[in-house]
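Report on the structure given below.
The values are calculated or read from the model by the stated rules, or taken from the named source; none is laboratory data. This is a predicted model, so every value here is computed, not measured. Note that each Cβ is placed from the backbone with ideal geometry, even for glycine, and that neighbours are counted across all protein chains shown. Accessible surface areas use protein heavy atoms only, side chains included; no ligands, DNA or RNA. Shrake-Rupley method; radii C 1.70, N 1.55, O 1.52, S 1.80 Å.
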Amino acid sequence: MAASGSKVFRRAILQICRNYQRTYSQTRYPEQLLRCNDVSVTRWHRQFSLNLRSSCAKVEKGPKIYTKTGDKGTSATFTGERRPKDDGIFESVGTIDELSSAIGLAREFCSEEGHMFTDTLEQIQCVLQDVASSVATPKSSAREAHLSRTEFSEDNINDLETWIDLYTEELPPLKNFILPSGGKCSACLHLARTVCRRAERRVVPLLREKEIDPAPVKYLNRLSDFLFTVARYAAMKEGRDEKIYRRVHPGEKL
């Protein structure tokens, strides 16, 4: 009975070997395994398990982060067209990426303070990915299939306007020019606002050249207003003062 059990065990191990070989294209394991004694089978099985875990780990790592395709100073748009990395398309996409990073930093500070709009900032970061995709699909090289996949919805603009109105209702009237201030959350949101303005300036030439639709430009324009609004809202909720602009030398004309 024991011998029969050992034989079944060896056959099972051999079948695992065959499956392993087909999956990972490894060296064929010997059919003589069926004729090994139990000690040899156990020792071999331990080594086999180590090899299997090692191979699985290699498979799970996935592709490398670097592709080397941009080593000559070019990159590909969503349409597959290669352009210099300092092309207006990539300047715009890079600045939108920078904007998302600035919002991400502000979001971390806002999360620590428990601000109710923190999740909204995360949603905006997701929408910015769509903005970048739309910008990275220049009409001069895009087919209809490309444009339909990266079409930017104006519902995103409507969302921003709704949020701006919601938070503005709770804010005191703005009677002076204010400086970026009001605590870490507010100051970081103001910083994100200035990056947003720069992103908008980057995409305007693309709109003028009719490479992109107006919707992404409208979104960035409205987003800077939203960031200004929630920067003030954060300062108010935290009970922090917003610094007011004042002329340093009052006797001098501007």
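Normalised per residue, the accessible area of the range 105-224 is 55 Å², obtained with a 1.4 Å probe and no contribution from ligands, DNA or RNA. Along the range 214-224 the Karplus relation, 6.51 cos²θ - 1.76 cosθ + 1.60 evaluated at θ = phi - 60°, assigns HN-Hα couplings of x, 4, x, 5, 4, 4, 5, 4, 6, 5, 5 Hz to successive residues, with x for each Gly and Pro.
Charge dipole of the range 122-254 (Cα centre as origin; +1 on each Lys and Arg Cβ, -1 on each Asp and Glu Cβ, all else neutral): 840 debye, rounded to the nearest 20.
Over the Cα atoms of the range 141-254, compute the convex hull volume and normalise it per residue, giving Å³.
Details: hull volume 15.3 nm³, N = 114.
It is 135 Å³ per residue.
A dipole drawn for the range 60-153 from +1 and -1 charges on Cβ atoms has a positive end, and of T120, A132, G73 the residue lying farthest that way is G73. Enter the Cα centre distance for the pair the range 191-254 and the range 104-155, rounded to the nearest angstrom. Their Cα centres are 17 Å away from one another. Sorting the segments 99-111, 152-164 by their mean number of nearby beta carbons within 10 angstrom, highest to lowest, gives 99-111, 152-164.
Surface composition of the range 146-254: carbon and sulfur make up 51 percent of the accessible area, probe 1.4 Å.
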